[in-house]
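Values quoted throughout were computed directly from the atomic coordinates according to the rules given, and no laboratory measurement underlies them. Source: prediction; values computed, not measured. Cβ atoms come from the backbone with ideal geometry, glycine included; neighbour counts cover every protein chain shown.
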Amino acid sequence: MPTTEHNQHHTPDVSSQETPPTVTTLDELGKLANYSLMDTLNCDPDAKANGADHAPRQVFTGHYVPVNPTPIKDPEYVAHSKDFFRELGLADSIAQSDDFVRMFSGDISQAPAPMRKVGWACGYALSIYGTEYTHQCPFQTGNGYGDGRAVSVLEAVIKDRRWEMQLKGGGRTPYCRGADGRAVLRSSIREFLAQEHMHALGVPTSRALSLYVSKTEKVKRPWYSEGSRSKDPDRLISEAVAISTRVAPSFIRVGQLELFARRVRKQEHPKAMQELEMIVLHLIDREYGDVIDTRLTTAEKVVLLAREFRSRLTSLVANWIRVGYCQGNFNGDNCAAGGFTLDYGPFGFCEVFDPQYQPWTGGGHHFSFLNQPVAAERNFHMFWAALRPLLASHPDSLEQLDEIRSGFADVMQTKMEAMWAAKLGLDTFHPALFSELETLMVEMPVDYTIFFRELSSLPDDIGPLQKSFYQASSYAADPEEMNKRWSQWLAKWTSLIDSPSTTGANAAQSRSRKEISRQMKLVNPKYSLREWFVVPAYQQAAAGNYSLVRELQDVMTQPYAEQPKNVEDKYYRLKPAEFCEVGGLSYYSCSS
């Protein structure tokens, strides 16, 4: 897998996976509690200290609101991430222990000291593709945006690394905008599986800890009738509520920085500038402490933060495209300021290659698959704009910040070209070869994952590649002519693979075909979390059968491995025609 600076920062040491668990009870986990956000940032002065703050209201100032999560009723264990537990040193057995289940299904009233018996939620601003919005806020001010159903319940330092644990679907907060604060089992399973799949793919991401479902509590959600071709859900269904716990070094979003910068710009309160500086310095401590020296001035830190975030964000998006992932709704508030994947709402993995693939019916072209680099630049623009007020009295630093902003597109292009070269097993990017390939992949629809995996075996003819072709009668291309063009492209590509020049002037440095294939297979995964795999898993889970969820978890956390033939036959294949253009399978609304 390609390794970025951020992968190194966020991927735990493999050696930690071989040591026996160090945490076998919730009490032992509790001893690691360390609440940097609540201890160093400002609490909303209008908040209730006991966390009984569940009705929609405006939050005018402060970095967080104390909130008690709302427990789900009669919780039942669905799954936990064995890989992540191992990395954290947690014993698998505690995932089903009564006190752990109680806490991570929303009841923190009996959390062992020094854990706190109150959680917290944070506000943020909304920007869509670089445009600020306030009208979706019920107060028309933007003071109602934030964690509407995500409640953080623990910050802990585990194996010298800080983690924040957040309940998704943890109930109403002041930011709930009148909604019920719940997540349903369907969307929770999708997010749980996706986070661990993305981590296994080598893509920086929030992690999944645990997933519990209520045996008795249900909510109504709009969703699709079976086989529906409707773009929007066409019925209301009753679904079981669930709580998944997601974990990250922090959950600070670009939208959070935007919120405080807007307050500075509008002079909304006397402490606006101070609160902006506090959240930025807190972000640096939480996410960039290993690369930004604490002894530097704030101005110097801000410039380094912008440069490092640009590097992480561009690497992240290049990695998304490498593995076929489309975020679907890449707003500023869905963009983690730590540079990792956050908020698995209307995401999807590209199957039939389409540059404009968009899994979310409300997303439009601006968040489509190959437009993600541009969407990332819009989010970086908002990040840059939020930092500028801090450098108003530092013209040299401001100039450096502006240069970092203006260089985003070039850095993004460089990362993209390196990614495409790696997928093709080449040392350098060949624009003409890639352009021809992209055209062929659109004209003869191919499965994105299967095509690049088959190419990784360095086939002598197009036979193996044809496993990835969607041979539907609706495609007008002449099959014989297309095969001829594919063969010509393959010959050009093969000549580059076999050319010593791909590894520099010294022919002695040439990689063997075996080595090229091995490296390509570390870049091009074999298994992808396709929606038509996930649907039967959550349908069975709704009936109390979680075996398919756990099977998918096992398969999708080994996405590069050659797995047994029964697994390959089931999960390494083209999307069946009957699933194409079906609501909830090929596309979905944001409903969760």
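Things worth noting here:
- Computed 3J(HN,Hα) for segment 127-139, one whole-Hz value per residue from the Karplus formula 6.51 cos²θ - 1.76 cosθ + 1.60 where θ = phi - 60°, is 10, 10, 6, x, 10, 6, 10, 9, 6, 7, 6, x, 9, glycine and proline marked x.
- Positive-end residue of VAL65, GLN488, TRP163, charge dipole of the chain with Cβ unit charges: VAL65
- Protection proxy ranking, peptides 135-141, 276-282, 188-194, average beta carbon neighbours within 10 Å, highest first: 188-194, 276-282, 135-141
- Folded to 0 to 90 degrees: helix 531-542 orientation relative to the chain principal axis, Cα: 40 degrees
- Folded to 0 to 90 degrees: helix 272-287 orientation relative to the chain principal axis, Cα: 50 degrees
- Neighbour-limited loop hits for GluC sites (Glu not before Pro), segment 521-592 (at most 12 other Cβ within 10 Å; DSSP other than H, G, I, E, B): GLU562, GLU581
- Relative to the longest principal axis of the Cα atoms of the chain, helix 372-387 runs at roughly 30 degrees.
- Each peptide in 87-96, 156-165, 210-219 gets a packing score, the mean of other Cβ atoms within 10 Å over its residues, and the list from highest to lowest is 210-219, 87-96, 156-165.
- Within the chain, helix-based [θ] at 222 nm, where runs of 4 or more DSSP H residues each add -39,500 (n - 2.57), nearest 500: -12000 deg cm²/dmol
- Cut-off 11 Å between beta-carbons: net charge of the residues surrounding SER206, Lys and Arg +1, Asp and Glu -1: -1
- Annotation: amide H-H contacts under 5 Å for GLY348 (H modelled 1.01 Å from N, sequence separation of 5 or more, or interchain): CYS326.
- Couplings 3J(HN,Hα) of segment 545-550, computed from phi: 9, 9, 5, 6, 4, 6 Hz, in residue order, whole Hz [Karplus 6.51 cos²θ - 1.76 cosθ + 1.60, θ = phi - 60°; x for Gly and Pro].
- Note on SER510 and GLN140: the extension gain reaches 127.0 nm, defined as 0.36 nm multiplied by sequence separation minus the Cα-Cα distance.
- Size of charge dipole - segment 275-406 - debye, nearest 20, with Cβ of Lys, Arg +1 and Asp, Glu -1, no other charges: 200 debye
- Sorted on the mean count of surrounding Cβ atoms within 10 Å across their residues, most packed first, peptides 347-353, 398-404 read 347-353, 398-404.
- Charge dipole (Cα centre; +1 on Lys/Arg Cβ, -1 on Asp/Glu Cβ; no other charges) of the chain amounts to roughly 820 debye.
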